[in-house]
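Just below is one structure, and these are the notes that go with it.
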Amino acid sequence: MSKIIATAAIRGAHAMVARAEQALAEAIKSKGKDAAAEYPNTAYYLPIMYLFLGQKVKKLGDLTESLQEARKLLGQIPSKSLWLPYLGETLNSGVATLLAEETLEVLKYVTGPNPAEGIWLGFTGDEILRLQGIKLVDGRMPGFAAIVGCTETDEQAVQLVRELQERSILVFMAGHTNGKAFAEQLAAQGIEMNWNTFLVPYGKEITSAVHALNFAARSAMTFGGIEPGNLKAARDILMYNKQRVYAFVLALGADSSAGKDQLLTDEKYATAAGAINFGFPVIADTDIPQILPTGICTYEHVVSGVRTEEIVSRAVEVRGLTIKVTKIPIPVQYGAGFEGERVRKEDMHVQFGGQYSDAFEILRMRPIKDVEDGKIEVIGPEIKDMQQGEAYPLGIVVDVAGRAFHEDFESVVERRVHEYISCANGIFHMGQRSIIWVRISKQAAAKGFHVSHFGDILISRIKNDFSKLVDRVQVKLYTDPLKMKALMEMARGVYNQRDDKIGGMTDEDVSEYYSCTLCQSYAPNHVCIVTPQRLGLCGAYTWLDCKASHKIDEHGPNEPVKKGVVIDAVRGQWEDVNSYIDVKSHGNLKKFNAYSILEDPMTSCGCFECIVAIVPEANGVMIVDRDFLGMTPVGMKFSTLAGQVGGGAQVPGFIGIGKLYISSPKFIAAEGGWKRLTWMPKQLKVDVEDRLRAQLKKVGLPDLFDKIATEDDAESPEKLVEFLQSVDHPVLSMDPML
Amino acid sequence: MAKTIAVAGKGGTGKSTVAALVIQRLRAKGFGPILAIDADPDANLGNLLGMRNIKTIGDLREDVLKEVKNFPAGMNKASYVEAGLHQIIAEADGFDFIAMGRSEGAGCYCYMNSLIRKFHEDLTPSYAWVVFDNEAGLEHISRRTTSKIDVLLIVVNDNPISLETAGKIVQLTDSLPGSAEKRYILANMVREDRLPYVEKWAQENKIDYAGHLPRTSAIEDAIMNGASLLSLKHPPTRDRISAILEKIGSVA
């Protein structure tokens, strides 16, 4: 264990805590003990205090206690002549340093200056933590690098960061060396830094490194579900990070103010000691002392003297990261960090699709003999034949073959094309099917990017990600306008076929439904359960939309809900769905029947497209939609009915539905389905006519559509019954509903 | 990370003019790329920037809601909307422009608004500056379809009611903590002798005073002639706007 490191760390911790105490005293003097001490947009108070002390800091006065605890953790500075075991003291000093740094950083939000200034981002809110942090946990991002200091040249900085981006490693930046910070070097080279490019500059001072650690702390609290409050929880959080969050610190450059044996300031060592508590090792490009034995960190703790060109691969080894680098043979960099970038018109070399030209992408399954593995063809002009600033047609046709591949997988793989292409640096891709928009930037073109490279990207990625299903991939890129047009027609035909097939999907075909809690801000106890045959009642979300939304944001408004054991197939009740809604509706709803209107029907939020209500006199139901302003046979207008039905109330005899549900075979199937339908406004009937007629024909009720009354035929229940009798509506011979 | 300046105020105080002049100055100083957002359903900023016939987000919203039932079953609505939102961005030299368009009509907007919110979050990091032209109700801020604003510039003119509106805006942002980092009053076309009154009002309401733009015939002529304010060459205005930009600390 290096005495030099321990001494510097403990000394640095003393200095940092003293600094924090002074800053706190000044802040209390000017703002008072009761002034709020909070980070913006977080539910975790000050995460470092919460983690290590179980303390929920809210006011400046609370920080006095935090710093008292920090002081208790400060070790004695080891004297020159005495050699004592002081690993524990060093680690504690690391914790004290983090407490002090969290204090100093939050004070910036209280008394200023605002940490989010210029290129610096300051504290990361919980929203971004959830959106991006999940990638650390599910493996999309193998880990994060916390870069402290700067490289010798700006070009080295760019090279280093590109290596990290290629491995999809998130990059946090804090601190400087002799006044220059890594983030400043990147900014000088025009590199875009924000959460979309995975480059996050926290602050210029070493204290802002605490934001990387309060992020790590919150990852364990959110994704690990570990609630702080005692020593065991604190240890669990640290272990979570050691075992699941593959982070490391890159200490770059030598501080001129530090001694020759140290090369880095006390404060940097102190902060590093804080990071080591989490199992995050330090890799340095200068000859600082090393700590090679394992223990707190999985492998070495401090490794030094590593050349800038090798530092990323060495760091990956030391931290024990497993990286799958898909080396794609294209002249631009490639990685998840480039997915969000937009190429502006001024930076664009050429573009395809959007409002400017025709473009489409399609993936098809072919017989194995028809696919030549790895073949890429550009049919039509290549980039060298294209004029800068112009738009050209583009058809991307991907043919795949595989013994285990199935036609149903076509759209699953096709949906990834967007992600695959956008991950190339300098390439913009938006949309899907025949509404894509692609841009090649001037920088990418200058590096030698060709249209054929889209083929290289797709072949590499598909073979990498779908190796079990796909044996051969070939790509044809059509830029010839006539040939492209013919194929686009073919593609559109295929899309329609797929839509029809999915349109035919039944509830029985799937093992899980999706929930939607999008309107819980308006109706806190309402949750929609969206099935393939029953869409969300606002009309916006189908089962597929929920599925896509869940893929985009797993912590968003849509979650998968397992069906579990079927309790009642006719009424549509499932065991696990019931348990789910009990929780999500905050105990409001214990069970519901998806296909019934009378028994435990589904609740509604307040913005349904239509309301279905029973008309007891007619032994059936009527439907009224939001656009109909007139009176209905139940004696209430839409707005009055809406008041009865909304807000998460379960009202037997009334349900809110989406328009598309009217033509669903599951439409109040529990009570007999369409045969119960007696009345609908004229305009609504027109809207659903095509779909509903088709369905009625399928079940042998072709005349039923015309037997459904409208406001022209009846407005009162008596008149309605008269009408139904006159057309011999099947509802009259059915069992009583009530 | 994008720095956001939002311009708000009673209708007719000259917000869009101020927004256009701010964009002109930022661009001239090389602070780009800039994203200009016209969040006023009355949509004037586009004209002042020389952009015509722009499709708005409101148009897209209505299109999607109308087509919802005809949407192809296998197509993911969210990508369709996302693609549509990207296509709405009008591109020009040194800046891009989006018009929000009409506010919500009848119907269910939870879904669309959640997509628009995400779009804003994803889009703004690609720009160094975002300049927002708002209507007085600041609907987009209260509905959280936009994210945090760094500088809120409230424009007032000679009409005392514009100060009342400014007061309401201050109250609204007070009630939404974290919505606006710093707030300023800008006096536009206010008579010289009334300026001290405006400054005093600012002091009493604890809002900083950013400066003033007097009635300027060069600007009025440009607007009358339907010319883009981006090509306005008027050194006194240029200097005044620069001073205001420095005052609001936005010049990095």
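Annotations
- Computed extension gain for A:Ser257 through A:Arg19, at 0.36 nm per residue and net of the alpha carbon distance, reaches 83.8 nm.
- Bridging of B:Lys66 to aspartates and glutamates at a Cα separation below 18 Å is possible for A:Asp545, A:Glu609, A:Asp625, A:Asp627, A:Asp687, A:Glu689, A:Asp690, B:Glu82, B:Glu104, once same-chain residues fewer than 8 apart are set aside.
- Cβ-based exposure ranking for A:Met602, A:Met631, in which fewest neighbours within 10 Å come first: A:Met631, A:Met602
- For A:Ser452, A:Ser66, the sequence from fewest to most other C-beta atoms within 10 Å is A:Ser452, A:Ser66.
- In terms of its C-alpha gyration tensor, segment A:250-328 has an oblate overall shape, because the principal axis ratio a/c (a ≥ b ≥ c, square roots of the eigenvalues) is not below 1.5 and a/b does not outweigh b/c.
- Stretched out straight at 0.36 nm per residue, the stretch from A:Ser467 to A:Thr111 would grow longer than its current Cα-Cα span by 122.6 nm.
- Dimensionless Rg ratio for segment A:127-268, taking C-alpha atoms and the 2.2 N^0.38 Å reference: 1.09
- The Cα atoms of segment A:55-138 define a convex hull whose projected area, averaged across directions, is 8.9 nm².
- C-alpha long axis of helix A:87-111 to longest principal axis of chain A, angle in °: 60
- Acute angle (nearest 10 degrees) that the helix A:575-584 long axis makes with the longest principal axis of chain A, alpha-carbon atoms: 60
- Exposure proxy ranking for A:Val161, A:Val306, based on other Cβ atoms within 10 angstrom of each Cβ and starting from the fewest, stands as A:Val306, A:Val161.
- Prolate/oblate/rounded label for chain A (Cα gyration tensor, a/c 1.5): oblate
- Two-site label geometry, A:Lys33 and B:Asp193: point separation in nm, points 7 Å out along Cα→Cβ: 5.4
- Cα gyration tensor shape for segment A:642-738, rounded if a/c is under 1.5, else prolate or oblate: rounded
- Applying 1/(1 + (r/R0)^6) with r as the Cβ-Cβ distance of A:Glu599 and A:Ser726 and R0 = 35 angstrom yields a FRET efficiency of 0.65.
- Computed lengthening from A:Leu231 to A:Gln76, 0.36 nm per intervening residue step minus Cα-Cα distance: 53.5 nm
- Evaluated at q = 0.18, 0.19, 0.25 Å⁻¹: base-10 log I(q)/I(0), Debye formula over Cα of segment A:581-643: -0.75, -0.81, -1.11
- Counting only alpha carbon atoms, the long axis of helix A:452-465 and the longest principal axis of chain A meet at about 90°.
- Cross-link table A:Lys345/B:Lys15; A:Lys562/A:Lys659; A:Lys563/A:Lys584; A:Lys685/A:Lys707; A:Lys468/A:Lys547, entries beyond 18 Å C-alpha to C-alpha: A:Lys345/B:Lys15; A:Lys562/A:Lys659; A:Lys468/A:Lys547
- More than 23 angstrom apart: percent of Cα pairs within segment A:20-168: 53
- Taking every alpha-carbon pair under 8 Å whose residues sit at least 6 apart, chain A reaches a relative contact order of 8 percent.
- Under the simplified labelling scheme, the B:Asn53-A:Ala694 pair shows an inter-label distance of 3.6 nm, with each label point 7 Å from Cα along Cα→Cβ.
- Working from label points 7 Å from Cα in the Cα-to-Cβ sense, the A:Met636 to B:Asp221 distance is 6.6 nm.
- Cβ crowding within 10 Å averaged over residues, with A:472-485, B:10-23 ranked highest first: B:10-23, A:472-485
- Zone residues, segment A:306-322, relative to A:Thr298, backbone N less than 12 Å from point 7 Å out along Cα-to-Cβ: A:316-322
- Total lysine pairs in segment A:1-151 at Cα distances under 13 Å, for residues eight or more apart or on different chains: 5.
- For segment A:233-368, averaging the sequence separation of C-alpha pairs within contact (under 8 Å, six or more residues apart) and dividing by the residue count gives a relative contact order of 18 percent.
Every read-out reported here was derived from the displayed coordinates using simple, explicitly stated rules and does not represent laboratory data. Quantities reported herein were computed from a predicted structural model and do not represent experimental measurements. No Cβ is skipped: glycine too gets one built from the backbone with ideal geometry, and neighbour counts run over all protein chains shown.
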